[in-house]
1. Pop the C-beta distance of residue 125 and residue 50 into the FRET formula with R0 = 30 Å and round what comes out to the nearest 0.05.
2. Suppose each label sits 7 Å from its Cα in the direction of the beta carbon; what would the residue 79-residue 112 distance come out to in nanometres?
């Protein structure tokens, strides 16, 4: 099911989404295409300027590739399904904040969730992180 922010922005009623619509957190909801990355970045900037922490929940928070970008955008907290937590912890342990911020900036120049996914996967390969 798409996340609250993306449903609100797209005027989607989460209670009336057909079964099977959400196949991947990269395809629906906050799918981390260039627009969604910008929306999350703007949300984080505005919230932090007002002294508000930003939390992200749902399938995208449990995606270890997406977490790299989400943290780089400045999201303060993640809420994910318990089975996803070990993979997320492994990803976070391999990152530096500067590296995550660099990835978040770089994806703004990419056009599709697939390009973003490939870029992040390449950056997370052993020996490629700063």
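1. 0.20
2. 3.3 nm
Values in this text are rule-based calculations from the coordinates and carry no lab data. Because the structure is predicted, anything quoted here is derived from the model rather than measured. Note that we place each Cβ from the backbone using ideal geometry, even for glycine, and neighbour counts take in every protein chain shown.
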